[in-house]
Structures are given as structure tokens and as C-alpha cells.
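Asker: I have a structure I would like to understand better, so I am pasting it below and will then ask my questions one at a time.
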Amino acid sequence: MSANRKLATTVSALALFALDGPTMAQSAPVDEIVVTARKREESLLEVPVSVSALSQGQLDNADIDNPIDLSDFVPGLDFDAANAGTDGRGSNPNITFRGIRQQLGTPSTQVGAIFWDGSYMGGGGAIVPLDDLQRVEVIKGPQTAYFGRNTFSGAINYIPRTAGEEFAGDAELSYSPSDFDSYKVSVAAGAPFSERAGARASVTYKKEGGDFAFGDGEPLNENKSLAFSGVLNVEPIESLRLRFSGYFVDTKDTYVNVSIAATVPAGQCNRTFTGQYINVATGVRTPFTRDFSRLTFAEFCGRFPRGDNIVTPRARVPTAANSIGGDVSAAFNENVRMAKYGGLPDLRDGFGGANQAKRFQINGDYDIPGDHVLSVIASRAVTGSSLAFDQNFGLATSPLLLPRGFQTWIREAYYEARVTSPQDQDLRYMLGLTDYSQKYRNATTGNLPNINFENNASFSIFAAADYDFTDQLTLSLEARWTDDKAFVILNGNPNLPLPNTTVTANSANSFNKFIPRVILTYKPTDATTIYGSFSESALIGLQTNARVVSGLDPVLIPNPNIFGDFTPPQKNTAYELGWKQQWESASLTVAAFHMKWINQIFQTTVLAGVQTTQLALPGSSKYKGIEAEANANVTEWLDLQAGVTYVDGKLTSYAARSTFESVVLGSGSLAVVSDGYRPRGAVEWTGNLSATVHGDLMDRAWYIRGDALYEGGRYADNEEFNLDPGATRYNLRGGIDLVDGVRGELYANNITNLKRLPAIAFTTTGVGANRKIFTGPPTLREVGVRFLADF
């Protein structure tokens with residue numbers, strides 16, 4: 001079925017759902033959900049923004065306790081943790097909204113952001129668990145006007161649970177014997193101290209056993225995490241409400257990349273590729289045709305495999321005997337320049353990582369004269385990551401280990417103050433300011449002399465006004481003026497004398513930008529919201545790394561001044577049309593969007609001399625699509641939740657150069673023009689369907705829930721060549737109340753044991769010049785038992 005036919009089918013199905021919706025009125029009503037997507041309380045089905053909101057109960061029912069699982073159930077969201085061999089799983093997650101996907105840079109250039117109760121989380125987003133939250137709000141489309149930096153294409157806001165009017169708690173215990181065993185123990189409780197104060201705290205310990213093993217039998221992809229969180233709410237006087245919150249997370253893992261050898265032998269790929277080479281320094285283009293049957297090495301020939309025949313490192317602990325050159329200090333000796341940073345976990349005794357994240361935050365609301373509210377946020381956070389991995393797979397010419405390591409440290413401070421007018425009048429307004437600062441330190445370990453130290457800052461003033469022309473028609477004007485700065489202290493080899501063409505030092509990048517959003521909302525009935533919006537977002541550029549590449553290999557970049565130290569500021573122009581409908585027992589939201597991304601940052605891996613490094617270049621792309629989300633209590637015994645997203649993403653100005661282009665497409669030191677192709681890793685169709693059947697058995701409530709999670713095909717390159725076909729995963733769980741307040745559950749995730757590789761999988765050159773896939777391993781089938789209790 002073509003993309004247009006799929007889109008037509010989806011729209012038709014949604015229309016039928018809308019027409020049939022009122023006939024479900026005999027079922028249980030759908031609860032109203034209140035969100036703060038525009039920094040004030042609004043009904044989910046009335047706010048003129050595309051928002052998905054899940055309560056802690058909904059997260060528990062789907063067994064969602066991390067943002068990767070969250071993206072399975074939220075249309076328009078795709079969350080990937082950084083793969084091993086970058087700067088740590090916990091410090092720099094890759095968040096994709098509606099197909100807009102930033103190839104990994106520093107946390108300052110993320111295009112999607114996570115917030116903790118309204119405060120930006122520049123680090124730790126992949127390891128802070130989704131436990132003991134009031135709700136999670138996923139806000140799609142540019143949100144810069146309200147949330148500022150790094151909400152270029154969307155935002156996720158974690159809102160922690162606070163103490164209620166009486167003591168209450170909950171607990172979870174789960175165990176799975178799959179592979180190397182997994183289990184989780186979690187307890188949370190809260191209570192009031194008085195009418196004006198209360199506290200709530202939670203603790204979670206979790207072990208994910210991993211699905212694979214190193215060559216010596218040690219578990220690979222294992223993760224152990226300990227997390228604490230707490231909230232203290234105080235009302236010193238009637239007009240002042242304070243909320244103190246924070247978390248501490250400590251994880252240790254054996255996340256490392258694995259490889260899969262090429263599946264098509266040399267000379268047996270009967271395909272050709274026609275395109276254009278381009279010299280990125282001069283802009284000169286050269287047409288070419290590549291005959292793959294003449295390749296002298298094994299390739300994938302467009303047939304991206306599943307996660308079978310995975311090769312893992314031969315040992316978890318490298319030694320002089322099993323490592324290239326007999327030197328393991330490159331991975332396991334701390335970089336001396338990182339030693340002074342507190343909150344940086346020690347390196348493990350073998351391959352894998354360690355992450356720590358901690359935060360302290362104050363939120364306050366003060367009622368000022370005229371029924372206005374002054375709100376403030378102040379937070380400090382530190383995230384540290386240390387990891388060591390085997391770079392041999394795909395890069396070395398020997399089966400021996402090639403130990404490499406990184407350490408990353410991020411300290412951030414966020415401050416916000418805003419005044420909000422009363423919400424029960426025709427003209428409503430808000431005025432505020434934010435100040436954010438971030439120190440980012442990244443360094444290779446051992447005797448590999450490379451660091452990236454930078455400071456980032458952002459100061460903004462924002463304002464919003466809503467005016468009701470009638471009871472049905474509202475105009476919203478929102479804007480932010482921002483002053484963003486990035487200062488590179490040093491990027492490159494710190495042992496080289498300055499100035500040096502291979503080192504970027506004491507280099508500043510900044511921009512001032514006015515960022516608007518306009519929304520027109522029409523409410524023909526109390527149960528219907530229709531809106532249209534225009535918005536922009538902006539994001540600072542990234543270090544090009546051109547000087548480092550030029551110093552390593554002057555043939556690739558003879559003159560790094562052509563590229564400069566930074567890419568130009570990025571811009572996203574977005575249009576959206578939305579429809580939200582609520583019936584007594586069903587709800588439906590639909591949003592159509594069109595976005596254009598200018599000066600998009602593309603990071604490509606280049607082989608400069610004998611060392612691989614990253615080169616960042618600007619390009620552009622555009623996206624259009626539709627997403628929909630529906631919930632229905634169909635009968636007294638059947639509930640349905642569904643979501644679907646279609647994104648047509650195209651590169652409009654981009655030149656790709658990784659080992660796929662240079663080796664397989666034969667570009668050598670040139671790049672390949674990728675205009676008109678779908679961006680690497682971008683998915684066209686995603687969807688989810690969950691059905692829950694429930695009832696009573698001898699006065700005990702029971703349920704059976706099934707999830708079907710579809711993710712469409714994606715390409716491992718920017719030329720639509722190696723396709724990873726779409727696939728569906730299935731989950732099944734069933735439970736019953738054992739006693740009052742305690743339920744037991746049996747579950748099976750990924751029932752068919754689908755071995756689809758993560759979206760970060762890519763091809764590279766391996767032993768004997770044959771191609772390999774270099775990737776994190778897939779997550780296999782897991783069966784287990786879970787107990788949940790309320791007290």
C-alpha cells in the first residue's frame with residue numbers, strides 16, 4: 001500500500017471513529033485530564049496544542065518506567081538512548097518528535113527536551129525513571145515560546161507526585177527469569193504533616209539482566225540502577241505555596257555495541273546506485289554510477305538484517321593479552337582533566353558504563369493582588385557518565401579488543417519567574433523570564449588526548465496573551481526573545497600548543513532571536529476544539545570540528561576556515577491544524593503538521609588519517625504528516641487506546657559522508673548529495689493499539705491487556721539504500737486482585753521475540769574491508785511476574 005493510500009485509510013478510519021463515537025455513551029465516562037503544557041492548568045482536550053498525557057496509573061498499567069518504553073505508546077515521539085561509544089547512555093539522549101531527529105551532538109543542541117516539573121534537564125534524561133509521577137506530558141511541535149532552549153520540536157515534562165490529604169503509598173515487585181534475570185523493587189509513600197505541609201518519597205532498585213553475553217560468558221547489556229526522589233510541599237501562608245523536589249539516580253551497566261557481519265558476499269549484490277559526489281569545500285558536483293556487483297568486499301545490498309548472528313566483544317574485561325597493542329589504559333585510566341569534577345562516577349572494571357544524576361529544585365506560587373500569580377522555579381543539577389567500550393567492531397583489522405573510553409560531566413542551573421493573570425476573563429496574559437547555564441565537560445580516558453570543554457548559557461524573556469473574541473473563538477499570541485551563548489573552552493588535543501589548527505579554543509558562538517507562535521482556536525461545542533497554529537523555534541549551532549579533521553587529514557579539509565568553528569543557527573518553521581473531540585466514553589485528537597528545518601546539523605563519521613572523528617555540517621529538511629490518538633471505553637468490559645503517526649520527511653539540502661558513502665558508494669574524500677531522500681533513522685509510519693478486557697471473578701477484579709506496537713521501516717543511511725523493514729511487537733499481560741489493594745500480574749513482552757535492531761544501528765567497514773553493522777543489541781522476549789500494591 002502506498003503512503004498516500006495509507007494516509008487516506010487512516011483519515012477515513014478516524015472519521016468513522018468520530019461518527020460512531022456518540023454511540024458509546026452507555027460506557028464509563030472518560031476522566032478529564034488537566035495539563036500544564038502552556039505553564040498554566042488547562043484541560044487536555046481544550047488546550048490548542050498537541051499533547052499526550054499519561055498518569056502514573058496509566059504508566060503502571062502499560063509497565064512504562066523509562067522514556068524508551070514511553071515512546072511506544074505516544075504518537076509522534078521516538079526516544080533513543082545514546083549508543084555506547086559516544087558520551088554515555090545517560091548524559092545525551094536522542095529525542096525525536098515528528099521525525100525531527102538530531103544526530104548526536106552535545107546536550108546544548110538537543111532538538112527535543114525533558115523537563116522536571118518545568119525545569120530543563122540537560123543531562124540524565126535517559127536514566128531518570130518514570131516512577132512516582134503525577135503524570136508525564138509529551139508536548140509535540142515547537143515549544144520554544146513557552147519552554148525555551150532545546151524544545152525545537154517538542155518537550156517532555158515529568159511532574160512528580162506530591163503528598164495528599166492523608167497517608168498513601170504504593171509498591172511494586174517484579175521478576176523475570178529471562179536471560180540473565182531481571183527484577184525491580186519500588187516503594188513510594190507520602191503523608192501530610194499538617195494542613196499546610198506534606199512530603200512524599202520513593203526509592204527504586206532495578207536490575208535489567210541483558211539478553212546477550214560477552215565471549216567470556218559475562219552478561220552484556222545488563223543494567224543496575226538505584227533511584228531516589230522526593231517532594232516536600234509547604235504553604236507557609238495562605239497565599240504562598242512552595243514545592244521542594246529532587247532526585248538521585250545511580251546506574252551501572254554493561255551497555256556496549258555489538259556487530260553483525262555483512263550478509264551478501266563480494267560480487268553478489270546486483271544493484272546499482274546513481275547520484276552525485278560533492279566536494280563540500282568547493283561545492284563542485286560530479287555525477288557517478290556505482291555497480292555493486294563489482295565490489296570486492298561483502299555488503300548488505302539494501303537488505304538490513306534482524307539481530308541474528310550478533311558478534312559481541314570476546315571479553316568484558318580487556319587485558320594486555322586480548323587487546324590491540326597490549327594497552328588497556330586508553331579506556332580505564334581517568335582523564336586527569338576530569339578528576340576535579342564531583343558527581344563523576346568511577347570507571348568500571350570492564351566494558352560498560354556508570355551514570356549518576358542528581359537534582360534539587362524549588363517551585364513556588366504566590367498570589368499577588370489583582371488575582372495574579374507569581375511563579376518561580378530554581379534548580380541545580382549534576383550529571384556524570386563514565387564508560388568504556390570495544391571499538392574493534394567494524395573499525396579494526398584484528399579480532400582483538402580495542403578499548404576506548406569517555407567521561408562526561410554536566411552541571412546546570414535553571415531559574416524562571418513569571419506572572420500569570422486571572423484565567424476567568426476574556427483577556428489573559430503571562431509575562432516571564434528564564435535564565436539557564438550549563439557546563440559541559442567531555443574527555444576521552446587514558447592516553448587518548450582529546451577533550452571537549454564548553455559553557456552554554458541562555459537568557460530569555462517570554463510573553464503570552466489570549467483573547468476571547470467570542471465564547472467559541474480565541475486568539476493566542478506567544479513570543480520569546482532569547483539570547484543564547486556557547487563558549488568552547490577547548491575542543492581537541494589539550495597537549496598541543498595554542499594556537500593550533502587542530503584545536504578549537506576560546507571560541508564563542510551566540511545569537512539573539514525573537515521566536516513567535518500564533519494560535520487560533522475555535523470551540524463550536526464544549527466537547528470540540530479545533531485549532532490552527534504557526535510557530536517558529538531556533539537553536540544555536542554546533543562546533544563543526546573542521547579544524548580537528550583538517551589537522552588529522554588536510555586532504556579532507558584543506559582550509560577549515562571555510563566551515564568556521566560553528567554551524568549557523570538552526571530554525572524550525574511549523575504549521576499545525578488540530579481537532580480534539582470528547583464524548584462521554586471516548587476521546588479523539590488529530591493533528592496535521594508541516595515543518596521546515598533550516599541549518600540542520602548533520603554529524604558524519606569520517607576517517608581522518610588513522611583516527612575516526614565527527615564532522616558537523618549544516619543542511620536542511622522538511623516534514624509533513626498527521627498523528628492521532630484515541631481512547632474509548634467501548635463496553636463495560638472493554639477499553640481501547642490507539643495511536644498512529646505518519647511523517648513524510650525529506651532531506652532538501654544535505655551532503656552525506658560516512659564510511660557508507662566513502663567506501664560503499666566510492667566517494668572517497670568527497671561526500672554524496674542526499675537531497676530528496678528520507679533522513680537516516682527516520683520512520684514513516686508508527687502505531688500502537690492496546691486493548692484491555694476486564695471484569696470480576698469472585699469479587700476480585702481481573703484484566704487482560706494486549707499491546708500491538710508497530711514501527712515502520714527506516715534506513716541506515718541518507719540515500720535510502722539499506723532498509724530496516726517495519727515490524728510489530730506484541731505484549732500481553734493479565735492480572736487479578738489477590739487481596740484488597742494488591743494485584744498480581746503475569747506478563748510477556750515482545751512475545752514473538754522480534755530481533756529488530758535499534759534505530760541507532762549503522763553500517764561501517766570491518767575486518768578485511770567487509771561491511772558490518774555497528775549497533776547496540778536488540779531487546780528480546782521477556783516473561784515474568786509483577787505485584788503492585790496500594791496502601
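Asker: Which value in nm describes the separation of the simple spin-label points at residue 699 and residue 339, placed 7 Å from the Cα toward the beta carbon?
Answerer: 6.9 nm
Asker: Where a ≥ b ≥ c are the square roots of the eigenvalues of the C-alpha gyration tensor, would you call the stretch 148-217 rounded, which needs a/c under 1.5, or, failing that, prolate if a/b is larger than b/c, or oblate?
Answerer: oblate
Asker: Find how much the distance from residue 134 to residue 508 grows on full extension, using 0.36 nm per residue of separation minus their present alpha carbon separation; answer in nm with one decimal.
Answerer: Extra length available between residue 134 and residue 508 comes to 130.6 nm.
Asker: Between residue 520 and residue 584, what is the FRET efficiency for a Förster distance of 22 Å, r being their Cβ-Cβ separation, to the nearest 0.05?
Answerer: 0.20
Asker: I want the local charge near residue 596. Using Cβ-Cβ distances under 12 Å, sum +1 for each Lys or Arg and -1 for each Asp or Glu among the other residues.
Answerer: The answer is +3.
Asker: In degrees, nearest 10, range 0 to 90: what is the angle between the Cα axis of helix 3-20 and the longest Cα principal axis of the chain?
Answerer: Between the helix axis and the principal axis of the chain, the angle is about 10 degrees.
Asker: Here's something else I'd like to know. Compute the distance in nm between two label points, each set 7 Å from the Cα along the Cα-to-Cβ direction, one at residue 417 and one at residue 168.
Answerer: For the pair residue 417/residue 168, the computed spacing is 3.5 nm.
Asker: Based on Cβ point charges of +1 for Lys and Arg and -1 for Asp and Glu, what charge dipole magnitude is obtained for the stretch 605-760 about its Cα centre, in debye rounded to the nearest 20?
Answerer: Dipole of the stretch 605-760, to the nearest 20 debye: 580 debye.
Asker: Suppose each label sits 7 Å from its Cα in the direction of the beta carbon; what would the residue 279-residue 577 distance come out to in nanometres?
Answerer: Label at residue 279, label at residue 577, 4.7 nm between them.
Asker: Could you tell me which of rounded, prolate or oblate describes the stretch 105-166, using a ≥ b ≥ c as the square roots of the eigenvalues of the alpha-carbon gyration tensor, with rounded for a/c under 1.5 and, failing that, prolate when a/b is larger than b/c and oblate otherwise?
Answerer: Verdict is prolate for the stretch 105-166.
Asker: Based only on Cα atoms, what Rg/Rh ratio does the stretch 351-468 have, Rh being taken as Kirkwood's radius?
Answerer: For the stretch 351-468, the value is 1.26.
Asker: Treating only the Cβ atoms of Lys and Arg (+1) and Asp and Glu (-1) as charged, compute the dipole magnitude of the stretch 623-707 about its Cα centre; round to the nearest 20 debye.
Answerer: 560 debye
Asker: Might you report the magnitude of the Cβ-based charge dipole of the chain about its Cα centre, with Lys and Arg at +1 and Asp and Glu at -1, to the nearest 20 debye?
Answerer: 3200 debye
Asker: Accessible area of the stretch 483-554 with a 1.4 Å probe: how many percent of it is carbon plus sulfur?
Answerer: Summing carbon and sulfur atoms, their accessible area is 59 percent of the total for the stretch 483-554.
Asker: Next up: Using only the Cα atoms of the stretch 199-335, construct the convex hull and provide its projected area averaged over every direction, in square nanometres to one decimal.
Answerer: 18.2 nm²
Asker: Under 5 Å between amide hydrogens, which residues at least 5 positions from residue 257 or on another chain qualify, with H placed 1.01 Å from N in the peptide plane?
Answerer: Those lying under 5 Å, H to H, from residue 257 are 84, 390.
Asker: Also: Based on alpha-carbon positions alone, could you give the equivalent ellipsoid semi-axes of the stretch 268-383 from the gyration tensor, as √(5λ), descending, whole Å?
Answerer: Whole-Å semi-axes of the equivalent ellipsoid: 49, 32, 18.
Asker: Further question on the same structure: When the Debye formula is applied to the Cα atoms of the stretch 413-548, each taken as the same point scatterer, what base-10 log of I(q)/I(0) results at q = 0.12 Å⁻¹?
Answerer: For the stretch 413-548, the Cα-only Debye profile gives -0.66.
Asker: One-quarter of the Cα convex hull surface for the stretch 209-255, in nm²?
Answerer: Orientation-averaged projected area of the Cα hull: 4.2 nm².
Asker: Here's another thing I want to ask about it. So if I take the alpha carbon set of the stretch 107-227, get Rg, then get Rh from the Kirkwood formula, what is the Rg over Rh ratio?
Answerer: 1.08
Asker: Additional query: Which whole-Hz couplings ³J(HN,Hα) result when phi for each residue of the stretch 685-699 is put into the Karplus expression 6.51 cos²θ - 1.76 cosθ + 1.60, θ = phi - 60°, listed in order with x for Gly and Pro?
Answerer: Listing the rounded values in order: 10, 9, x, 9, 9, 10, 10, 10, 9, 9, x, 10, 9, 6, 6 Hz.
Asker: Given the pairs 39/650; 140/224; 207/358; 140/650; 224/358, which are separated by over 24 angstrom at their Cα positions?
Answerer: Over 24 Å apart, Cα to Cα: 39/650; 140/224.
Asker: Remind me, relative contact order of the stretch 206-270 in percent, using alpha carbon pairs under 8 angstrom and six or more residues apart?
Answerer: Computed value for the stretch 206-270: 28 percent relative contact order.
Asker: Same structure again: For the stretch 620-674, what size does the Cα cloud have along each of its three principal axes, sorted from largest down, in whole Å?
Answerer: Here the spans come out as 65, 21, 10 Å, largest first.
Asker: Follow-up question, since we're still on this one. Can you give the Rg/Rh ratio of the stretch 286-332, where Rg is from the C-alpha atoms and Rh is the Kirkwood radius?
Answerer: Result for the stretch 286-332 is an Rg/Rh of 1.22.
Asker: Compute the FRET efficiency between residue 737 and residue 228 as 1/(1 + (r/R0)^6), taking r as their Cβ-Cβ distance and R0 = 41 Å, and round to the nearest 0.05.
Answerer: Calculated value: 0.90.
Asker: Moving to a separate point now. Per the Kirkwood treatment, what hydrodynamic radius in Å, one decimal, follows for the chain from the mean inverse distance over all distinct Cα pairs?
Answerer: Radius from the Kirkwood sum: 27.4 Å.
Asker: For an R0 of 35 angstrom, estimate the FRET efficiency from the Cβ-Cβ distance between residue 675 and residue 767 and round to the nearest 0.05.
Answerer: It comes to 0.55.
Asker: Need one number: convex hull volume per residue for the stretch 433-486, Cα atoms only, in Å³.
Answerer: For the stretch 433-486, the hull spanned by Cα atoms encloses 97 Å³ per residue.
Asker: While we're looking at this one, here's another question. Using +1 at the Cβ of each Lys and Arg and -1 at the Cβ of each Asp and Glu in the chain, identify which of 694, 59, 538 lies farthest towards the dipole's positive end.
Answerer: Comparing the listed Cα positions along the dipole, 538 ranks first.
Asker: Could you please tell me the mean projected area of the C-alpha convex hull for the stretch 163-267, averaged over all directions and given in square nanometres to one decimal?
Answerer: Averaged projected hull area, Cα only: 11.2 nm².
The values are calculated or read from the model by the stated rules, or taken from the named source; none is laboratory data. Being a predicted model, the structure only gives us computed values, none of them experimental. Glycine also receives a Cβ, built like all others from the backbone with ideal geometry; neighbour counts cover every protein chain displayed. Note: areas computed on protein heavy atoms with side chains; ligands, DNA, RNA excluded. Shrake-Rupley method; radii C 1.70, N 1.55, O 1.52, S 1.80 Å.
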